[in-house]
Amino acid sequence: MSTSRTAPSMRDALYEAPGPRMRRKIRIGTAVAGALVLLAVAAIVRQFWVTGQLAPRYWSLFLQWTTWRFLGQGLLGTVAVALTAGAIALVLGLALMLGRTSGVRPLAAVCRVITDFFRGVPSLLLIYFFFFVPAQLGMKLPSFWMLTLPVALAASGVLAEVFRAGVNAVPRGQVEAGLSIGLSSAKVMRRIVLPQAVRYVIPSLIAQLVVVVKDTTVAYVVSYPDLMQNARVLITSYDALVSMYLVIAVIYILINYAINRASVYVANRTGVKIIR
């Protein structure tokens with residue numbers, strides 16, 4: 001009599017399944033944490049009430065079409081920057097990965113330094129660089145590119161490492177098999193390794209958009225009209241700081257949640273397992 005046995009997942013291999021006592025402790029801990037969260041929310045709402053932040057004058061602006069139209073214009077600006085920066089980061093990150101894994105030592109060293117530099121330097125510092133340095137050289141960049149280019153450069157360093165992780169995930173035997181039938185290293189990379197590596201890391205590439213979207217929130221440095229910048233204008237006009245920031249926070253949470261769900265969907269469609 002044969003019995004089918006499901007292959008253990010990575011989580012099963014790393015963590016032992018909790019026993020009855022531990023599951024009971026987990027349930028108790030979850031209940032206590034949930035109660036504490038509810039108390040914290042109640043305390044925050046009460047503080048809003050005491051300080052008058054729940055007054056209608058702070059929330060009535062959201063009943064006006066002009067408010068949502070202005071925020072929608074800012075949202076379109078955020079999406080434009082995020083998509084453009086993401087596309088540039090994908091191309092540049094792939095180029096940095098190919099250079100680092102090319103086997104040419106000088107090129108690999110240069111790509112490694114560039115990758116580590118973009119990974120280590122905060123995107124805000126890069127934004128200040130593109131804001132001040134081109135102006136000193138007599139170049140006038142639009143605010144869109146003052147924001148998009150530094151965000152793309154900062155993301156490219158991370159994506160280069162994501163691509164490299166995907167390349168390293170391809171079994172070494174496939175590379176050796178390609179070389180053994182006479183393919184050059186470049187053809188092995190292009191025809192065998194790269195298609196599989198991209199498939200492995202597609203969910204991570206999509207998820208990286210969350211970081212790109214969050215980096216766009218410093219658009220006020222270059223006065224680019226993104227979602228956060230337009231929210232600041234409305235805060236100044238209506239003196240509704242708390243209510244506006246709460247609504248904007250919910251919008252950003254929904255955007256990032258949608259990106260994460262898209263990542264999970266693509267992972268399921270491509271057969272890539274996401275460990276949670």
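A dipole drawn for the chain from +1 and -1 charges on Cβ atoms has a positive end, and of GLY74, ALA135, ALA197 the residue lying farthest that way is ALA197. Taking the Cα centre of the stretch 133-197 as origin and assigning +1 to Lys and Arg Cβ atoms and -1 to Asp and Glu Cβ atoms, the resulting dipole is close to 160 debye.
Only helices reaching 27 angstrom along their own axis (Cα) with mean Kyte-Doolittle hydropathy no lower than -0.5 count here, and for the DSSP H runs of the chain these are 20-51, 65-100, 143-169, 194-215, 241-270.
Above 11 Å, the calculated P(r) of the stretch 130-170 contains 68 percent of its Cα-Cα pairs.
Projecting the Cα positions of ILE251, VAL175, GLN229 onto the charge dipole of the stretch 174-276 (unit charges on Cβ atoms of Lys, Arg, Asp and Glu, taken about the Cα centre) puts VAL175 furthest along the positive direction. When Rg and the Kirkwood Rh are both derived from Cα coordinates, the Rg/Rh ratio for the chain amounts to 1.07. Packing order of peptides 234-247, 202-215, 153-166, highest average first: 153-166, 202-215, 234-247 (average count of other Cβ atoms within 10 Å over each peptide's residues).
The magnitude of the dipole of the chain, with charges of +1 and -1 set on the Cβ of Lys/Arg and Asp/Glu and taken from the Cα centre, is near 940 debye.
As a rough guide to protection, the peptides 94-104, 189-199, 36-46 ranked by mean Cβ packing within 10 Å, highest first, stand as 94-104, 189-199, 36-46.
Once the mean of 1/r is taken over each pair of separate Cα atoms and inverted, the stretch 132-276 shows a Kirkwood hydrodynamic radius of 18.5 Å.
Note on the stretch 187-240: with charges restricted to the Cβ of Lys and Arg (+1) and Asp and Glu (-1), its dipole about the Cα centre is near 640 debye.
Read-outs: derived from the displayed coordinates by stated rules, not from any lab. Predicted, not measured: the structure shown is a model, and the values here were computed from it. All Cβ positions, glycine included, derive from the backbone under ideal geometry; neighbour counts span all protein chains shown.
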